[in-house]
Amino acid sequence: MWGDPFRVAFAPPTISASLKGSPYIEHAMATEWTADEIRRVGRLVVDLIADHLTSLPGRPAFRPIPAALAQEMAATPPPADPVSPDDILRRFTETIEPYPFGNASCAGGNHAAIHLEREVLEWFRELLRFPRGAMGLLVSGGSMATMTAMAVARHVKSGVDVRQDGLRGAGAPFAFYMTTEGHSCARKAIELLGFGSASIRIVPTTDAYTMDVAALDNAIAADRRAGVRPIAVVATAGTTNTGAIDDLQAIAAVCRRHDVWMHVDAAYGGPAILSDRYGSAIAALAHADSAVVDPHKWMFVPVEAGFVIVRDGEAMRSAFSLVPSYIRTQGSAGEVYGQPWFSEYGFQQTRGFRALKVWMAMQQFGTRGYKAIVEENIALAQYLADRVRGAEDFELMAPSSLSVVCFRYVDASTAIEGADAEVAAAERESAAAALNRAVLERLQLSGEAFITSTELRGRFVLRACVVNYRSTREDVDRMLDAVRTIGREVGAATGLR
Ligand SMILES: Cc1ncc(COP(=O)(O)O)c(C=O)c1O
């Protein structure tokens, strides 16, 4: 117990001891709140705010967090079991609330928010199995996380003093490697960092939409021979389009061989590291130089929350820090200044207390809760893929991976025959695209279900991504029924097949 006695009346934990051990009950209790429970917890929070603000004038202007508490926070492992809201708030009032810092900036210092962010970063480091010495940061989302990682890659791999001279002193052109399935934020980052999108090599993909690693190897070797300086490979663990997971182990070997920075975009797929089915494929991201996970995607944290981790924490610091190296210190947990500031590891100076919501959500679900939900979402996507496969008027458009399913509504009566099969196929393709575009728009406007679309090798497809712990088989059935009904109506009205 670190804090002052508190007036808020917390209820006993909502998960009774007799229910412990049943992941489904615990997970349901951690995620499904009744209206009364939402109101009750909301009132607790209002009481907490009222007590905090009205007691401030009687408190010291600043008091550093006790060193023993900071150490305790640093040593707290990622929560495995879901924690009740009362227990989360109780912990907040005991360890965080007593050590505020004005309109707290998480640039750095020795107040509770900083130590809480360090606790969260340590949780992620452990979950992603990055070594000690790695450094993480919470940022606005996957895009800013990717930008941060690419800036470190530039600092380390460009071969010039990019902070002083920019890229103009570089004798050789640069190259980055990604596939068509890599997220657009990587291209944005490469453009903004001054390399230009012309430096991006688009590596071919396999039938499963993963990076063709042999082609990657050849592309880097060809660039090296031609005097081009490869900077980074942007691999993906869970592509936006199809959920495909690149062969991270093999890509790591190629990167090592050619001395190229390996970045893994696990913005969406990262939490599936906890799943039995995809865990080992995603765990190979521990070989990367940098990786990104978005707590605001499959970890259900309110937007905005992105996480970036860089294996060489000192390289990250030297890419961003404006504290001269001769006065940089390792800091001290007991002083006002605290440990090295987060603002030395990224672009932002004043930073919000983003870690609080991530800390709360990670306790609310626990790693066991996340595992259960992620596996349920994956199973639901599998159910959708099976239903699509088993229906004559639906077509699966890509292997389903993680919780993404790409499919189309098709008119089962259309067949391609005869010598003009190629022409017929092209016509059918453009009609199918037009039909599905129309179906999607009407579906979205109907309010019945909201799925999106994408293009796979130039073909328009419908795309469903299950990332909601409340989604059920009934929702999937309803969505498919709606697509089918609208498909028939649009087909009849337009003649599109
Ligand atoms: C795989 C992947 N990477 C990166 C991003 C970008 O993340 P954000 O939108 O949080 O900036 C997204 C989604 O938007 C994504 O799906």
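Does V388 satisfy the criteria of being modelled with pLDDT of 95 or more, within 20 Å of the chain's Cα centre (by Cα) and not hydroxyl-bearing (S, T, Y)? Criteria not met by V388. Taken over the range 161-200, the residue count meeting the criterion of being assigned to a helix (DSSP H, G or I), within 16 Å of the ligand (Cβ to nearest atom) and over 19 Å from E304 (Cβ atoms) is 3.
Conditions tested, residue by residue: (1) among the β-branched types (V, I, T); (2) within 12 Å of the ligand (Cβ to nearest atom); (3) within 20 Å of F342 (Cβ to Cβ).
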| residue | (1), (2), (3) |
| --- | --- |
| G269 | no, yes, no |
| S275 | no, no, no |
| Y278 | no, no, no |
| H287 | no, no, no |
| H296 | no, yes, yes |
| G306 | no, yes, yes |
| S318 | no, no, yes |
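Does A175 meet the test of being in contact with a His (Cβ under 9 Å, 6 or more places away or on another chain), buried (at least 21 other Cβ atoms within 10 Å of the Cβ) and in the same structural domain as Q349 (by TED's automatic domain parsing)? It is false that A175 is in contact with a His (Cβ under 9 Å, 6 or more places away or on another chain), buried (at least 21 other Cβ atoms within 10 Å of the Cβ) and in the same structural domain as Q349 (by TED's automatic domain parsing). With the structure loaded, tell me whether Q364 is modelled with pLDDT under 95, polar (S, T, N, Q), under 30 Å from P85 (Cβ atoms) and away from the ligand (no atom under 16 Å from the Cβ) or whether it fails that test. In short, yes.
Among the residues of the range 138-157, those identified as closer than 12 Å to G352 by Cα and crowded, with 23+ Cβ neighbours inside 10 Å are L138, V139. For the range 220-240, the count of residues that are within 16 Å of the ligand (Cβ to nearest atom), in a loop (DSSP other than H, G, I, E, B) and surrounded by fewer than 24 Cβ atoms within 10 Å (Cβ to Cβ) is nonzero. Looking across the range 455-497, the residues that are of a type in the set (S, T, N, Q) and under 19 Å from I378 (Cβ atoms) come down to N468, S471, T472.
Residue-level check: of (1) farther than 17 Å from Y345 by Cα; (2) over 22 Å from the mean Cα position of the chain (by Cα), S105 misses just (1). Report yes if S446 is surrounded by fewer than 18 Cβ atoms within 10 Å (Cβ to Cβ), closer than 14 Å to D481 by Cα and at pLDDT 95 or above, otherwise no. Yes. In summary, helices (runs of 4 or more DSSP H) completely within the range 62-160 and bearing 2 or more residues that are out of contact with any Phe, Trp or Tyr (no Cβ under 9 Å at 6 or more places or on another chain) and within 16 Å of the ligand (Cβ to nearest atom) occur at 142-157. Among the residues of the range 242-267, just one is within 11 Å of the ligand (Cβ to nearest atom) and in contact with a Lys or Arg (Cβ under 7 Å, 6 or more places away or on another chain), namely A267.
Results for (1) out of contact with any strand residue (DSSP E or B) (no Cβ under 9 Å at 6 or more places or on another chain); (2) more than 24 Å from G238 (Cβ to Cβ); (3) buried (at least 17 other Cβ atoms within 10 Å of the Cβ); (4) assigned by TED's automatic domain parsing to the domain that holds R470, shown as yes or no for each residue.
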{"position": "P295", "(1), (2), (3), (4)": "no, no, yes, no"}
{"position": "V301", "(1), (2), (3), (4)": "yes, no, yes, no"}
{"position": "G306", "(1), (2), (3), (4)": "no, no, yes, no"}
{"position": "I309", "(1), (2), (3), (4)": "no, no, yes, no"}
{"position": "A319", "(1), (2), (3), (4)": "no, yes, yes, no"}
{"position": "L322", "(1), (2), (3), (4)": "yes, yes, no, no"}
{"position": "Q330", "(1), (2), (3), (4)": "yes, yes, no, no"}
{"position": "F342", "(1), (2), (3), (4)": "no, yes, yes, no"}
{"position": "V374", "(1), (2), (3), (4)": "yes, no, yes, yes"}
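Just checking, does the range 268-277 include any residue being free of Cβ contacts under 8 Å to residues at least 60 places away in the same chain and either in contact with a Cys (Cβ under 8 Å, 6 or more places away or on another chain) or crowded, with 24+ Cβ neighbours inside 10 Å (or both)? Looking for residues that are free of Cβ contacts under 8 Å to residues at least 60 places away in the same chain and either in contact with a Cys (Cβ under 8 Å, 6 or more places away or on another chain) or crowded, with 24+ Cβ neighbours inside 10 Å (or both), one finds none in the range 268-277, hence no. With respect to the conditions (1) in contact with a Pro (Cβ under 8 Å, 6 or more places away or on another chain); (2) surrounded by fewer than 18 Cβ atoms within 10 Å (Cβ to Cβ), G366 lacks only one, and its number is (2). Please indicate, with yes or no, whether at least one residue in the range 117-137 is in contact with an Asp or Glu (Cβ under 9 Å, 6 or more places away or on another chain) and under 24 Å from F300 (Cβ atoms). For the range 117-137, residues in contact with an Asp or Glu (Cβ under 9 Å, 6 or more places away or on another chain) and under 24 Å from F300 (Cβ atoms): present. Candidates R118, R125, R168: the one that is on the phi < 0 side of the Ramachandran plot and touching a strand residue (DSSP E or B) at 6+ places or on another chain (Cβ under 6 Å) is R125.
Picking from residues in the range 391-414 that are within 23 Å of the chain's Cα centre (by Cα) and of a type in the set (S, T, N, Q), the one that is surrounded by the fewest Cβ atoms within 10 Å (Cβ to Cβ) is S400. Among residues of the range 377-401 that are more than 21 Å from G270 (Cα to Cα), those with a beta-carbon under 7 Å from a residue that is of a type in the set (F, W, Y) at least six positions away or on a different chain give the pairs V388/F394; V388/F407; D393/Y409; F394/F407; F394/Y409; E395/F407; L396/F407; M397/F407.
The values are calculated or read from the model by the stated rules, or taken from the named source; none is laboratory data. Keep in mind that this is a model prediction, so the values were computed, not measured. FYI the Cβ positions are ideal-geometry reconstructions off the backbone, even for glycines, and counts take in every protein chain you see.
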